[in-house]
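Colleague: Let me give you the structure first, and then I'll get to my questions.
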Amino acid sequence: MATLTRPRPRRSFPTRLLAVVGAMLMVVVVSQVASHLRTATSPPRQAPVVVDPLQPGIGDLDAGAISGSGGGTSGADAGPAAGAAADAGVSDVARIKADIEFWSSRVARDRDDFISSNRWGISEIELARATGDLSAFLRADAAFDTTLARDQHNAAALGYKGSVLVSLHRFVDAAGLARTILERYPDDPVALATLGDASLELGDLPTARDAYTQANDVARSAATLARLGHLAFIGGDTSGALSATTAAVGLADSEGAEGERAAFYHYQLADVLISTGDRADAAKQYAAALAADPGSFLARSGLARVAAADRDLDEAIRQLSAAIAIVPQPEFLARRGDLYTLRAAAGDAKRAADDYATVEAIAKLAGEAAGVYDRTLALYLANHGLDPNRAVALADAELTVRKDVYGYDADAWALLAAGRPADAETMMSRALAFGTQDAKLLYHAGMIAEALGQTARARTLLNSSLALDPSFDPLQVTRARATLATLR
């Protein structure tokens, strides 16, 4: 990480914001001019896409995938949706890769060309968001470091680097970078957003709340409202979460958001809706996300979730296959394997086995970014009764740094799978202390209570889970219902 040490006069917020925006606009303008420098044999380019460093989460793929790592779509279940979804992203990915080749080659010739190194990094972020290729975030980090080696105060590079560190789950580093920037520019909205994102993932809700609130005060946008909505959901304020995420969709529209950026806000609203029991309106928002961005793997996964809860397993598999055709996330593959297991049609057992095998294969290919998969892999192992001690080790290791609600939950679930329900209850109590109203948490708590012989508590928790959101996991919902049937 670049060290910011050179003293400079402190600028007021309006001046700092203009500096940040100006630096980013200069990158885009120069990129448009430089596009004409390509040779006649260069691939045709669309106008450069501006990646908003304030936009939360869409590139933070907890269960992201490495490009070319397998997990293809079964021809029997893909249908036209998968082909259309894949085709929708092909031309854009080709354009992004052409940009990467162009800008990185300019940096190779001149390491002091900070415009090109920034544009290279931005294009790598685009690639990661479009394909789930975590190695693109690593290359983006290197590109921004190239800029910062020349100018340690470059506003665009610092802003984008913070979002990359969050996406790579380097939350402590991200928070440190943000705090360093905020020492000099206390109202920098990008640094405030990064600090809030990192703090939320580290389980520090008060710091996240302060950072998000300040960012919203100085630069209110769809991105700041989306963050406040997510924070409200984690803190158990579901009405606040719905209000903020609904407002974010409207503000994004007024900001002129299009494509992946517009789709993100519809997707986030849909996730809050379905998690609070409104599956019908969630389906509408997932569909709106897909209309905004036909290549949205997140929207496809959401529609699959709705279909599975409606017990339309064929449609759920079709939508999830379309998502996997775009980005083969381990979480998607594990979920599709579960759907095959539940459907149990001819050939589904083999299809499920293939998907399950690919989950671990992707994690092994992640290389330097492998830690991003630890929580997803721990939950996958615990869900399927596979190597529970490894699941505990993965969850424990992540929890040493990332003490958020879902970290405690993953550790509790892994401990239960390892036959340690008393230890699981301890971790689960810490997760529930956040107040998050999530059906998966209630289900895990209910199953832990059942293992401890707490029949009445288990019954209450499992019923509450199914009443709140029976879409959280099709296989685990089936197990919850089966367990309830045994409780007298």
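The values are calculated or read from the model by the stated rules, or taken from the named source; none is laboratory data. Computed from a prediction, not measured in an experiment: that's the story for all the values here. Cβ sites come from the backbone with ideal geometry, for glycine too, and all protein chains shown count toward neighbours. Accessible surface areas use protein heavy atoms only, side chains included; no ligands, DNA or RNA. Shrake-Rupley method; radii C 1.70, N 1.55, O 1.52, S 1.80 Å.
Colleague: Applying a 10 Å radius around every beta-carbon, put 120-132, 282-294, 429-441 in order of their mean neighbour count, most first.
Modeller: Top of the packing list down: 120-132, 282-294, 429-441.
Colleague: Based on the alpha-carbon gyration tensor of the range 335-488, what equivalent-ellipsoid semi-axes (square roots of 5 times the eigenvalues) come out, in whole Å, largest first?
Modeller: Here the semi-axes work out to 24, 21, 13 Å.
Colleague: Let me ask another. With every protein chain left in place, what is the accessible area per residue of the range 152-295 in square angstrom, probe 1.4 Å?
Modeller: In whole numbers, the range 152-295 has 33 Å² accessible per residue.
Colleague: Another question, then. If I take R0 = 22 Å and measure r between the Cβ atoms of Thr426 and Asp387 in this structure, what FRET efficiency does the formula 1/(1 + (r/R0)^6) give, to the nearest 0.05?
Modeller: 0.50
Colleague: Could I ask something else about it? With label points built 7 Å along Cα→Cβ from the Cα atoms of Lys364 and Ala344, find their separation and express it in nm.
Modeller: Label at Lys364, label at Ala344, 3.1 nm between them.
Colleague: Another one. What ranking, highest mean first, results for peptides 106-116, 324-334 when packing means the other Cβ atoms within 10 Å averaged over each residue?
Modeller: 324-334, 106-116
Colleague: Let me have the relative contact order for the range 216-281, percent, based on Cα pairs under 8 Å that are six or more residues apart.
Modeller: So the answer I get is 30 percent.
Colleague: Still on this structure: For Arg311 and Glu258, what does the FRET efficiency come to when R0 = 41 Å and r is the distance between their Cβ atoms, rounded to the nearest 0.05?
Modeller: The computed FRET efficiency comes out at 0.75.
Colleague: Once label points are set 7 Å from the Cα along Cα→Cβ at both Glu183 and Lys403, what is their separation, rounded to one decimal in nm?
Modeller: Distance between label points: 2.4 nm.
Colleague: Follow-up. What lysines does Lys350 reach when the alpha-carbon gap must be under 25 Å and sequence neighbours fewer than 8 apart in one chain are set aside?
Modeller: Lys364
Colleague: Given R₀ = 60 Å, what would the calculated FRET efficiency be for Leu452 paired with Asp112, taking r from the Cβ atoms and rounding to 0.05?
Modeller: Efficiency for this residue pair is about 0.40.
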